[in-house]
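Undergrad: Quick one: structure below, then a few questions.
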Amino acid sequence: MMMETESQTAGIEAAPGFAKNPEYQIILEKPDREFVATLEGVEIARSHQAIVLREGNYPPVVYFPPADVQLKQAHMTDKDTYCPYKGIASYWTFGTEKNIAWSYEEPFREMLDIKGYISFFVNRLDDPLL
C-alpha cells in the first residue's frame, strides 16, 4: 500500500476510532486480479487496481479507483454516514439505484489509501465482486 510522508499527512485528522481502540485492525490488500461491477447489465466499474478492505467480522469490501468507475453514469447524493475509523462516507447513485455506492472523500489519516475510491453494495449489483 501507498505510504504517506509526514508532510503529506500534516493537518489530516487521525481516526478517533483507532485512538480509542488501537488494537482494531483494518487490512487493505491489492489482489492481483481484475474486479468488474455491473448493474442491470451495464458495466459501471472495472479495475486491476482495486483495493480489498477487510475489517473485523464484516465481509470484505472492494474499493475501485475513481478513474476505473463510470462516474458519468452516477451522481453524488446528499446522504452521508460516519465511521470512527474511516471518516465520513459520501454516497452515489448509479442509474435508478439510489445510494448504491459510497466513497471517503476526506478519510482519516490511517485510511488515506482509499481516499476517493468507490465501493458498492454488492447485494444490489448483478454479481458479487468476491
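Undergrad: Summing -39500 (n - 2.57) over the DSSP H runs of n ≥ 4 in the chain and dividing by its residue number, what mean residue ellipticity at 222 nm do you reach, to the nearest 500 deg cm²/dmol?
TA: Estimated from H runs of four or more residues: -1000 deg cm²/dmol.
Undergrad: I would also like to ask the following. With every protein chain kept in place and ligands, DNA and RNA left out, what is the accessible area per residue of the chain? Probe 1.4 Å, answer in Å².
TA: Numbers: 7640 Å² over 130 residues.
Value returned for the chain: 59 Å² of accessible area per residue.
Undergrad: Next question. Report Rg(Cα)/(2.2 N^0.38 Å) for region 6-70, keeping two decimals.
TA: 1.43
Undergrad: Estimate the FRET efficiency between residue 124 and residue 67 by the formula 1/(1 + (r/R0)^6), using the beta-carbon distance for r and 22 Å for R0, to the nearest 0.05.
TA: Details: r = 22 Å, r/R0 = 1.02.
Efficiency computed from Cβ-Cβ geometry: 0.45.
Undergrad: Moving to a separate point now. Compute the Rg/Rh shape ratio of the chain: radius of gyration over Kirkwood radius, all on alpha-carbon atoms.
TA: We get a ratio of 0.96 for the chain.
Undergrad: Figure the gain on full extension for residue 82 and residue 38 (residue separation times 0.36 nm, minus the Cα-Cα span) and round it to one decimal in nm.
TA: 13.2 nm
Undergrad: Pairs of alpha-carbon atoms within less than 8 angstrom and 6+ residues apart define the contacts here; what relative contact order does the chain have, in percent?
TA: 23 percent
Undergrad: In region 34-130, carbon and sulfur make up what percent of the accessible area (probe 1.4 Å)?
TA: 51 percent
The values are calculated or read from the model by the stated rules, or taken from the named source; none is laboratory data. Note that this is a predicted model, so its numbers are computed, not measured. Heads up, the Cβs are rebuilt from the backbone with ideal geometry, glycines too, and the neighbour counts pull from every protein chain shown. Remember, those area values only see protein heavy atoms, side chains included, never the ligands or the DNA or RNA. Shrake-Rupley method; radii C 1.70, N 1.55, O 1.52, S 1.80 Å.
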